[in-house]
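Single-structure report; data block below.
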Amino acid sequence: SQRGNVQDAVDISIAVATPDGLITPIIKDANQKRLAEISSTMKDLATRAREKALLPEEFQGGTFTISNLGMFGIDHFSAVINPPQACILAVGGSADVMVEKKSYALDEYAEPGDLVKSSTMTVTLSSDERSVDQATCGRFLDAFRAYMEDPITML
């Protein structure tokens, strides 16, 4: 069984809406790229996807997809995995909420003067249990949350 094996290559697919439907171009070896290179590669792939100028190897395969409907005003959604990929991360829109200054815990009472505005967003991770177990998914989401709360740590 391949389950639980760590892959050397992290090929991230980005869901791109085109007039003909959804296509998922792949950022190859994303784990070896800097953030600026990932961003420029993603923009290039998305542009060429909309122009129907991708080569088959640029959209077939991949290990993980990111789908963002937040930019269309969708708060949260569940996305379907594209085989042979292991997971897809559905990214919803952001919203401003008032949270406690100290802990940022949403379930604790705080006096109105102790609150600050914070942006929140909902993500949903769908995974193929044959490839990745739920504990691994939980650790991924925990790390993702930590990066989103302190983005400078990605640099």
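Read the figures in this text as sums done on the coordinates, not as results from a lab. Since the structure is predicted, the reported quantities are computational estimates derived from the model, not experimental observations. Glycine also receives a Cβ, built like all others from the backbone with ideal geometry; neighbour counts cover every protein chain displayed.
Observations
- Selection from the range 25-83 of residues that are surrounded by 15 or more Cβ atoms within 10 Å (Cβ to Cβ) and of a type in the set (Gly, Ala, Ser): ALA30, ALA46, ALA49, GLY61, GLY62, SER67, GLY70, ALA79
- Residues in the range 76-101 that are under 14 Å from the mean Cα position of the chain (by Cα), assigned to a loop (DSSP other than H, G, I, E, B) and of a type outside the set (Val, Ile, Thr) were compared, and the one that is farthest from PRO25 (Cα to Cα) is HIS76.
- Of all residues in the range 23-56, those that are touching a residue at least 24 places away in the same chain (Cβ under 8 Å) and more than 15 Å from LEU89 (Cβ to Cβ) total 9.
- Tallying residues that are surrounded by 15 or more Cβ atoms within 10 Å (Cβ to Cβ) and assigned to a helix (DSSP H, G or I) within the range 111-140 yields 3.
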